[in-house]
């Protein structure tokens, strides 16, 4: 029975500090992943525009007889590439939205912790364009 009386809980301020540190690391990770997704999407959109332009010029040149119709296989390849880009851009857009939603949820947790715990740190990481605050 003596062991029951020796049990002590951890200091709530330490719990708050641990929680804040954990949430802060998660916020940084979400921001990093968001930046990676944005960079991939941006690069892909640039390549998409270039490929679409090249395809349009090739089709126009074929219609005008400026190039042989044997190059139609190139049009097929460009078309497949364009469709793959569109699918990937859509997937990346969904990932970006999910990261924004997760980040918003995390910001709500920070706000809730700030309102319920007077000793919680308030200088947590916020993305520059989070739109919250």
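Residues checked against (1) out of contact with any helix residue (DSSP H, G or I) (no Cβ under 6 Å at 6 or more places or on another chain); (2) at pLDDT 85 or above:
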position	(1), (2)
18	yes, yes
21	yes, yes
41	no, yes
45	yes, yes
61	yes, yes
73	yes, yes
76	yes, yes
97	yes, yes
116	yes, no
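Within the range 15-28, is even one residue over 30 Å from residue 109 (Cβ atoms), in a helix (DSSP H, G or I), under 33 Å from the mean Cα position of the chain (by Cα) and free of Cβ contacts under 8 Å to residues at least 60 places away in the same chain?
no
Of the residues in the range 52-72, how many are farther than 27 Å from residue 41 by Cα and assigned to a helix (DSSP H, G or I)?
Qualifying residue count for the region: 8.
Taking the residues in the range 50-73 that are surrounded by 15 or more Cβ atoms within 10 Å (Cβ to Cβ) and more than 19 Å from residue 39 (Cα to Cα) as candidates, determine which candidate is farthest from the chain's Cα centre (by Cα).
If we take residues in the range 50-73 being surrounded by 15 or more Cβ atoms within 10 Å (Cβ to Cβ) and more than 19 Å from residue 39 (Cα to Cα), then 67 is farthest from the chain's Cα centre (by Cα).
The values are calculated or read from the model by the stated rules, or taken from the named source; none is laboratory data. Not measured: the values here are computed from a predicted model. Every residue, glycine among them, receives a Cβ derived from its backbone with ideal geometry; neighbour counts consider all protein chains shown.
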